[in-house]
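The values are calculated or read from the model by the stated rules, or taken from the named source; none is laboratory data. For clarity, every value in this text was computed on a predicted model and none was experimentally measured. Every residue, glycine among them, receives a Cβ derived from its backbone with ideal geometry; neighbour counts consider all protein chains shown.
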C-alpha cells in the first residue's frame, strides 16, 4: 500500500510516527503547502526508504489528482481542516484512490429555525456522492479519527456483542489535560473546535429523525474513568450523530463534550464578539476571517506536548438491554496519557489519539479485514478486528460497566 497524507501538522506527523512501527505499507508521502514542515517531519523519522515529503495545495483539485496518480497512491488520508474535505474527496474519486478523513464536510444551519431543524448536515455532501463511489468500485471511509472514528467502532462493538436492544448511544469526551504556561491553549485545532461547539447541536431520535438544539445545551454530569473524574458534558454538533443512526439500530444518538466551565466561557465570549466567524472582513486593507486570526494567535496544538500533563478520554456510552435480558449501561472507551504518548512517540495525547485510528483502519484495509465500496463511516465495519488491532498497537481500549474497567479482548466467535 502506498499512502498519501495531506497535511503534515500534528496529526499527520503523529500518523507517520505510529505507522513507522508497522509493515503493512510500502511508502508514505507527507504532503503540505509548507514543504519545509513536511520535510522536517519526514527527516525526523529517519526512514528514507519508506517516507517522503511533497508539496500540495489542498484547494487545487487537478493538482491533487495529478499527485495521486504520479505517486501511484492507493489511499489518501486527509489530515487538514474540514474546509478542504470536498476538494480532496473529489480528487480521490477521480484518481480511484481510497479516501479517509477524520472530519467530514461541514454543515450549514437551517436558515429559519437553526435550533430546531437541520439544514445541510455534516457529511451530507459526501453521502450525496455514494453512488458515484460505488460505481467506481472505490471506498471513501469518512470520520475515521478518534471522534468520530473510534467512537463509532465502539458503538458498533456494543451493538454486535454487548446489547440485545439499545436505547441511547451517547459519545462522551473528557480530559484532565493541563498546559503549563498558558491560561488558554486548546489541545486540538481551535478552528475545528469552534465549528463543532458553536454550531447548532445535532441530535437523532428514532421518532423525530435528526434535529438540532442550541449549542452547549442539556448539561449533565458524567464520570470519566482512570482518574479523569466527573465533568459536566454538553451537547455539541458532531459527526457520530450523523453517521451512527444510518447503520446501528437504536432509539437515540447524541454527542456530549466535557469542555469545562472556563473553556465554555471562552467559546461564548468569542461568539459574542464575532471572533468565531468564518466570513472574511477588511482589516487595514487586508481581508481576514476572524476565526483564522484566533487560530493564528494561539499555539500550535502539536507543539504543546512538552508542557502538557494528564489524560484524554474518548468513548461511547451505551444504554439498553444486555444480551442477558437485563438493563445495561456500558462505556466503551480509549484513554491516551500524554506522558506515555510523548515518551513513546513524541506526540501529544490528543493528536496522537486522533492519528492512531486511521493507521489501524488502513492496516485492516491492507489486510483485507475491512472491505467496502461507496461512502461509509466506521460503524459500517466489523468492530472486533479494529479493537483487537488497537490492542496489538499497545494502546488497548476498555469497557466500563459500573465496575473496574476491563481491558478489551476480542470475542471468541
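Could you say whether any residue in the stretch 3-18 is over 28 Å from residue 121 (Cα atoms), surrounded by fewer than 24 Cβ atoms within 10 Å (Cβ to Cβ) and outside the structural domain of residue 303 (by TED's automatic domain parsing)? Looking for residues that are over 28 Å from residue 121 (Cα atoms), surrounded by fewer than 24 Cβ atoms within 10 Å (Cβ to Cβ) and outside the structural domain of residue 303 (by TED's automatic domain parsing), one finds at least one in the stretch 3-18, hence yes.
Yes or no, residue by residue, for (1) over 20 Å from residue 141 (Cβ atoms); (2) more than 24 Å from the chain's Cα centre (by Cα); (3) not assigned by TED's automatic domain parsing to the domain that holds residue 239:
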{"position": "25", "(1), (2), (3)": "no, no, yes"}
{"position": "39", "(1), (2), (3)": "yes, yes, yes"}
{"position": "42", "(1), (2), (3)": "yes, no, yes"}
{"position": "46", "(1), (2), (3)": "yes, yes, yes"}
{"position": "51", "(1), (2), (3)": "yes, no, yes"}
{"position": "76", "(1), (2), (3)": "no, no, yes"}
{"position": "80", "(1), (2), (3)": "no, no, yes"}
{"position": "92", "(1), (2), (3)": "no, no, yes"}
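When residues in the stretch 304-323 are screened for being more than 28 Å from residue 399 (Cβ to Cβ) and loosely packed, with under 13 Cβ neighbours inside 10 Å, 1 of them pass.
Looking only at the stretch 29-45, residues that are buried (at least 16 other Cβ atoms within 10 Å of the Cβ) and assigned to a helix (DSSP H, G or I) come to 6 in all. Please work out which one of (1) under 21 Å from residue 121 (Cβ atoms); (2) out of contact with any helix residue (DSSP H, G or I) (no Cβ under 6 Å at 6 or more places or on another chain) is the condition residue 67 fails and give its number. If we test residue 67 against (1) under 21 Å from residue 121 (Cβ atoms); (2) out of contact with any helix residue (DSSP H, G or I) (no Cβ under 6 Å at 6 or more places or on another chain), just (1) comes out false. The residue list 178, 234, 230 contains one member that is free of Cβ contacts under 8 Å to residues at least 12 places away in the same chain, under 26 Å from residue 308 (Cβ atoms) and in contact with a strand residue (DSSP E or B) (Cβ under 6 Å, 6 or more places away or on another chain), which is 230. State all residues of the stretch 147-201 that are within 21 Å of residue 120 (Cα to Cα) and more than 15 Å from the chain's Cα centre (by Cα); if no residue qualifies, say none. Selection gives 198, 199, 200, 201. The condition (being surrounded by fewer than 18 Cβ atoms within 10 Å (Cβ to Cβ), modelled with pLDDT under 95 and within 30 Å of residue 2 (Cα to Cα)) is satisfied by just one residue among 329, 410: 410.
Tallying residues that are under 22 Å from residue 74 (Cα atoms), surrounded by fewer than 16 Cβ atoms within 10 Å (Cβ to Cβ) and in contact with a strand residue (DSSP E or B) (Cβ under 7 Å, 6 or more places away or on another chain) within the stretch 135-169 yields 0. When the stretch 52-104 is limited to residues that are surrounded by fewer than 16 Cβ atoms within 10 Å (Cβ to Cβ) and in contact with a strand residue (DSSP E or B) (Cβ under 8 Å, 6 or more places away or on another chain), the one that is nearest to residue 13 (Cα to Cα) turns out to be 55.
The rows are residues; the columns are (1) within 20 Å of residue 28 (Cα to Cα); (2) not in a loop (DSSP other than H, G, I, E, B).
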residue: 77; (1), (2): yes, yes
residue: 88; (1), (2): yes, yes
residue: 94; (1), (2): no, yes
residue: 105; (1), (2): no, no
residue: 110; (1), (2): no, no
residue: 113; (1), (2): no, no
residue: 132; (1), (2): no, yes
